[in-house]
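Student: Take this structure first; my questions come after.
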Amino acid sequence: MKGKRLLVVSWSLPPLLGPRSIQVGRTLKQLAANGWDCTVLSVDTDSLPANYAKDNFLAEHYLQNYQVIRVPAPPWLQLLNLVRRILPQFAPMPDNQTIWVKPVLAKVEALLFTNTYDAVLTFGHPWSDHLIGLEIKRKWQIPWVAHFSDPWADNPYYFRLSNFQKAQMETFERSVIEAADMVVFTNSETADLVFKKYPAEWKTKAQVVPHGYDRNLLGYLKKNDFREGVLRIIHTGNLYGLRTPQGILEALRLLKEEGKLNEGLDIVFLGRTKNREDYIEFCKRHGIEVVKFMPTLPYLESLQIAASADVLLLIDAPAASSSVFLPSKLVDYMMFGKPILGLTPNDGVVALLLDEFGFPHSDPQDEKRIAEMLLGIWDKHNSRGFDFSQKFDSVAERFDIEYTTGTFETLLGAVIAG
């Protein structure tokens with residue numbers, strides 16, 4: 001397997017239940033299937049506090065054909081998590097996983113004493129994974145690919161960080177980008193945002209590999225029949241911070257007041273919703289009986305519920321300017337071949353992609369537009385007017401994990417070849 005040995009660092013990996021963990025596990029499984037020999041350093045999930053969600057199915061499905069070395073997290077991680085919630089200005093940078101850097105580097109040194117690798121691959125978030133890659137690059141000069149996904153120092157949602165902490169983020173990011181041989185993003189808009197503050201010649205390091213969906217998961221799911229007079233809209237995943245259901249609930253309130261709220265609607269929010277009781281009370285106060293909040297479920301169960309949807313709902317945070325975030329949830333939704341309703345900034349990556357599909361979208365806070373979209377979707381659904389299959393397939397195939405990993409391994413090969 002000459003030229004295809006990877007040393008990978010990713011805190012996030014199954015059985016951890018989260019978007020980054022799933023995407024990393026999915027990519028590594030496909031790389032291994034394509035002949036790459038991957039050794040992965042990841043956190044020992046048994047060392048984590050109990051509030052870290054885990055799912056054994058994810059481990060069974062994605063931890064295949066590559067070696068995983070588990071490095072325990074130091075026992076004071078939970079204390080740092082508490083500090084970050086209560087006194088964020090005193091939290092370590094770039095994240096609490098910075099306490100994991102030294103134990104991993106000690107493991108790396110032991111591995112490199114008896115093994116050679118053609119390249120190092122680090123996955124952030126957490127960003128501390130890239131600090132590990134930076135030290136490996138400085139000490140051993142192995143070709144290094146840093147996978148960013150989202151923006152780092154340019155993230156507009158760092159509301160609670162001090163100016164000093166933001167400056168630290170900028171310093172860390174610059175050091176990583178300067179040293180890395182390649183920096184991978186999930187869309188070109190994020191790459192442009194990050195690299196606009198650096199020398200133009202650095203931009204050659206930026207490459208794009210989208211998130212990927214795993215169509216093999218469909219084999220675990222039951223098919224659902226069309227239901228006359230019922231329109232089921234489902235949102236999967238957690239809602240917190242600026243990502244809230246308030247916009248669509250306000251739209252339902254408008255429809256209720258205008259006598260246009262059809263009781264055949266069935267809107268489900270699956271996952272943890274911050275201030276959930278407040279939203280339930282809002283629905284009761286306005287006589288909205290078509291909304292249901294469900295807790296986080298095991299991964300396969302959540303997929304089965306998503307598969308039962310007539311329309312899948314995506315909710316993003318509002319943005320004052322163009323949004324560069326491409327949530328992996330949107331890509332996962334593609335697997336189901338269902339219409340997608342997007343509550344997302346009108347100027348952004350998600351809106352552009354939904355336009356390619358021909359799916360409706362609205363600013364998350366535009367309740368009138370959201371109400372109009374709900375009425376339009378109801379009419380199309382009951383007339384069976386969702387005819388999008390040809391356009392859908394041509395766009396969605398770019399996000400199949402086999403296709404995206406094929407792009408990724410070509411880039412890895414180029415880095416190794418120098």
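Student: Given the options Trp76, Trp11, name the one that is in the same structural domain as Gly124 (by TED's automatic domain parsing), closer than 30 Å to Asn163 by Cα and at pLDDT 95 or above. Break it down stepwise before answering.
Tutor: Numbers: Trp76 fails: at pLDDT 95 or above.
From the options Trp76, Trp11, the qualifying one is Trp11.
Student: Going through region 250-280 one residue at a time, which ones are out of contact with any Phe, Trp or Tyr (no Cβ under 6 Å at 6 or more places or on another chain) and part of a helix (DSSP H, G or I)?
Tutor: Glu250, Ala251, Leu252, Arg253, Leu254, Leu255, Lys256, Glu257, Glu277, Asp278, Tyr279, Ile280
Student: Arg243 - would you say it is more than 30 Å from Phe123 (Cβ to Cβ) and surrounded by 18 or more Cβ atoms within 10 Å (Cβ to Cβ)?
Tutor: Working: more than 30 Å from Phe123 (Cβ to Cβ): no; surrounded by 18 or more Cβ atoms within 10 Å (Cβ to Cβ): yes.
So Arg243 does not fit the description; no.
Student: What are the residues in region 5-30 that are farther than 20 Å from Pro72 by Cβ, in contact with a strand residue (DSSP E or B) (Cβ under 6 Å, 6 or more places away or on another chain) and either touching a residue at least 40 places away in the same chain (Cβ under 8 Å) or surrounded by fewer than 18 Cβ atoms within 10 Å (Cβ to Cβ) (or both), if any?
Tutor: Here is the first cut: in region 5-30, the ones farther than 20 Å from Pro72 by Cβ are 5-6, 19, 22-23, 26-30.
Next cut, in contact with a strand residue (DSSP E or B) (Cβ under 6 Å, 6 or more places away or on another chain) only: 5-6, 28.
Those that are farther than 20 Å from Pro72 by Cβ, in contact with a strand residue (DSSP E or B) (Cβ under 6 Å, 6 or more places away or on another chain) and either touching a residue at least 40 places away in the same chain (Cβ under 8 Å) or surrounded by fewer than 18 Cβ atoms within 10 Å (Cβ to Cβ) (or both): Arg5, Leu6.
Student: Of everything in region 242-265 that's farther than 20 Å from Gly342 by Cα and acidic (Asp, Glu), which residue is modelled with the lowest pLDDT?
Tutor: Applying the filter and picking the extreme gives Glu263.
Student: Hey, among Asn51, Asn81, which residue is surrounded by fewer than 21 Cβ atoms within 10 Å (Cβ to Cβ), under 25 Å from Pro298 (Cβ atoms) and touching a residue at least 12 places away in the same chain (Cβ under 8 Å)?
Tutor: Working: Asn51 fails: touching a residue at least 12 places away in the same chain (Cβ under 8 Å).
When all the criteria are applied, what remains is Asn81.
Student: If a residue must be within 21 Å of the chain's Cα centre (by Cα), of a type outside the set (A, V, I, L, M, F, W, C) and more than 23 Å from Gly413 (Cβ to Cβ), how many such residues does region 191-207 contain?
Tutor: So the count comes out to 1.
Student: Can you give me the ranges of the strands (runs of 3 or more DSSP E) entirely in region 124-230 with at least 3 residues that are buried (at least 20 other Cβ atoms within 10 Å of the Cβ) and in contact with a strand residue (DSSP E or B) (Cβ under 8 Å, 6 or more places away or on another chain)?
Tutor: On the way: elements: 144-149, 182-185, 206-208.
Once the strands (runs of 3 or more DSSP E) in region 124-230 are filtered for at least 3 residues that are buried (at least 20 other Cβ atoms within 10 Å of the Cβ) and in contact with a strand residue (DSSP E or B) (Cβ under 8 Å, 6 or more places away or on another chain), what remains is 144-149, 182-185.
Student: Can you go through Leu326, Leu297 and tell me which one is aliphatic (A, V, I, L, M) and closer than 23 Å to Val230 by Cβ? Give the derivation first.
Tutor: Working: Leu326 fails: closer than 23 Å to Val230 by Cβ.
Criteria check complete, one pass: Leu297.
Student: Here are the criteria: (1) closer than 17 Å to Glu367 by Cβ; (2) under 24 Å from the mean Cα position of the chain (by Cα); (3) assigned to a helix (DSSP H, G or I). Tell me which single one Cys283 does not satisfy.
Tutor: Status for Cys283: all satisfied but (2).
Student: Looking at Ser128, is it within 30 Å of Leu87 (Cα to Cα), under 20 Å from the mean Cα position of the chain (by Cα) and of a type in the set (S, T, N, Q)? Write out each step before concluding.
Tutor: Numbers: within 30 Å of Leu87 (Cα to Cα): yes; under 20 Å from the mean Cα position of the chain (by Cα): yes; of a type in the set (S, T, N, Q): yes.
So Ser128 fits the description; yes.
Student: Are any residues in region 101-123 closer than 23 Å to Lys205 by Cβ and part of a loop (DSSP other than H, G, I, E, B), and if so, which ones?
Tutor: Tyr117, Asp118
Student: Follow-up. Just for helices (runs of 4 or more DSSP H) wholly inside region 300-418: which have at least 3 residues that are out of contact with any Ser or Thr (no Cβ under 8 Å at 6 or more places or on another chain) and either on the phi > 0 side of the Ramachandran plot or in the same structural domain as Pro143 (by TED's automatic domain parsing) (or both)? Even if it seems obvious, please write down each step before you answer.
Tutor: Numbers: elements: 328-334, 349-357, 367-382, 389-396, 401-417.
So the answer is 401-417.
Student: Right, here's the next one. Consider Ala153 carefully, then state whether it is over 23 Å from Asp37 (Cβ atoms) and aliphatic (A, V, I, L, M).
Tutor: Numbers: over 23 Å from Asp37 (Cβ atoms): yes; aliphatic (A, V, I, L, M): yes.
Answer is yes for this residue.
Student: Could you check how many residues of region 31-48 are over 18 Å from Ala146 (Cβ atoms), among the β-branched types (Val, Ile, Thr) and surrounded by fewer than 23 Cβ atoms within 10 Å (Cβ to Cβ)?
Tutor: Final tally of qualifying residues: 1.
Student: Could you tell me which numbered condition Thr244 fails, if it satisfies all but one of (1) farther than 30 Å from Gly406 by Cβ; (2) part of a strand (DSSP E or B)?
Tutor: Going through (1) farther than 30 Å from Gly406 by Cβ; (2) part of a strand (DSSP E or B) one by one, Thr244 breaks only (2).
Student: Let me ask another. Which residue is nearest to His130 (Cα to Cα), if the candidates are limited to region 7-63 and must be assigned to a helix (DSSP H, G or I) and basic (Lys, Arg)? Let's see the steps before the verdict.
Tutor: Applying the first criterion (assigned to a helix (DSSP H, G or I)) to region 7-63 yields 19-33, 45-47, 56-62.
Now drop any that are not basic (Lys, Arg), which leaves 20, 26, 29.
On the way: Arg20: 15, Arg26: 20, Lys29: 21 Å.
The extreme case among them is Arg20.
The values are calculated or read from the model by the stated rules, or taken from the named source; none is laboratory data. As the structure is a prediction and not an experimental result, all values here were calculated from the model. Positions of Cβ are backbone-derived with ideal geometry, glycine not excepted, and every protein chain shown enters the neighbour counts.
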